[in-house]
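Here's the structure, in structure tokens; my notes come after.
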Amino acid sequence: LQRLAASTEVVASTAGPFRKYGSLLVEACAQEGTSYADITGESGWTLNMAAQHHETCVSTGAIIVPQAGFDSVPSDIGTMLAIKHHTAKTGAPPSEIRTYVTSMRGARFQGGTVDTLAHELAEPIRPVKPSAVRSATKTKIDWTHGTKPWQTVQLNGKTRYLSPFIMAGANCPIVRRSNGLLDYKDGLVYSEAMALPSLKSAVQNFAVLGIGTSLLKMGMLDFLRKRGMVPAAGAGPTLKQARRASYEYVIVATGDDGSRSETTWRGNGDPSAIATTIFLMETALGLLAKRGSGEGGVLTPAAALGDDLWARLRSAKWEAADEVPAVTVEHA
């Protein structure tokens, strides 16, 4: 791994669970000054890598960007865009960001994602040196928002019913670290939840997540796979299925004065396949273009590349002939 890191300028890794296969590779890249991006959603591992290697990366010029896939580019870059929009619109940054996942049409789990979830639920990772990733700019993650299916929110003039979002545990710490690194707003409140069209769908999502996570915590992954309830390791959607899928986030920013703005992030293609591939590759290309800048650290997508990554994503397509880009964003 040391020779690999020394022989290239940027490494893009898809080999997870990263707590099992990624730590030595990150260490090698940090020591060799080689930039790195991956698609992990293991937030505890990500914080561990920052605690252990951030200072080394600062000295070597390596830029390490974990969670550069669907976990957590839409949340991280979407929040950055929402804060910039709200600030331009009202003259002050928002004090609260609520990210609502309003659609996951045709989205499917990857087998590797299920493996990672099982590891995270069975043995959560804590940072070995939490003080190394703390910042003077604080963020309050509201883990309770969206945990009750009868909670509602008005989005685009329609009532939506809230339910937990399975990826919130991966995304929220990344947004918190971006606030610490980019100084959006001290005391910023952040949360993520599903915002579904009916109470029935919200309750169903709540029940499926509750039962599924309980079974994974009990070590019943093989039991679920033998019965075809979750995909096998290495399995995922077909290209046809992935191309038909889509997703949507609505990011609501609220100011201290009650001002409100919305940023809608729409993605074309399956989140775990098409979106993750595009996000990782555009991040890696952005890191390649930034080589020699003198910057380094274990960073977030927003802190490492920010507007440059968004400029790449807004024009990125799965195929050149596609009519629309993989991501579109609208502000209101």
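The values are calculated or read from the model by the stated rules, or taken from the named source; none is laboratory data. Small disclaimer: the values here were computed from a predicted structure and weren't measured. Here the Cβ is made from the backbone with ideal geometry for all residues, glycine too, and neighbour counts use every protein chain on show. Ligands, DNA and RNA are excluded from the accessible area calculation, which covers all protein heavy atoms including side chains. Shrake-Rupley method; radii C 1.70, N 1.55, O 1.52, S 1.80 Å.
Of all residues in the stretch 174-183, those satisfying the criterion of being crowded, with 23+ Cβ neighbours inside 10 Å, in contact with a helix residue (DSSP H, G or I) (Cβ under 7 Å, 6 or more places away or on another chain) and not small (Gly, Ala, Ser) are Ile174, Val175, Arg177. Can you confirm whether the stretch 204-220 contains a residue that is in contact with a strand residue (DSSP E or B) (Cβ under 9 Å, 6 or more places away or on another chain), open to solvent by less than 50 Å² (accessible area, probe 1.4 Å) and of a type in the set (A, V, I, L, M, F, W, C)? Among the residues of the stretch 204-220, at least one is in contact with a strand residue (DSSP E or B) (Cβ under 9 Å, 6 or more places away or on another chain), open to solvent by less than 50 Å² (accessible area, probe 1.4 Å) and of a type in the set (A, V, I, L, M, F, W, C), which makes the answer yes. Among the candidates Ala82, Ala30, Ala88, Ala51, the residue that is farther than 27 Å from Phe165 by Cβ and either outside any helix (DSSP H, G or I) or open to solvent by less than 40 Å² (accessible area, probe 1.4 Å) (or both) is uniquely Ala30.
Look at Ala170 and say whether it is farther than 21 Å from Ser43 by Cα and within 20 Å of the chain's Cα centre (by Cα). Here the answer is no, as Ala170 does not meet what is asked.
When Thr276, Thr263, Thr283 are checked against the criterion of being open to solvent by less than 70 Å² (accessible area, probe 1.4 Å), in contact (Cβ under 8 Å) with a residue 60 or more places away in the chain, on the phi < 0 side of the Ramachandran plot and not in a helix (DSSP H, G or I), a single residue qualifies: Thr263.
Put simply, of Lys140, Lys148 the only residue that is more than 22 Å from Asn268 (Cβ to Cβ), charged (D, E, K, R) and free of Cβ contacts under 8 Å to residues at least 40 places away in the same chain is Lys148. Checking each residue in the stretch 138-173 for being open to solvent by 20 Å² or more (accessible area, probe 1.4 Å) and hydroxyl-bearing (Ser, Thr, Tyr) picks out Thr139, Thr144, Thr147, Thr152, Thr159, Tyr161.
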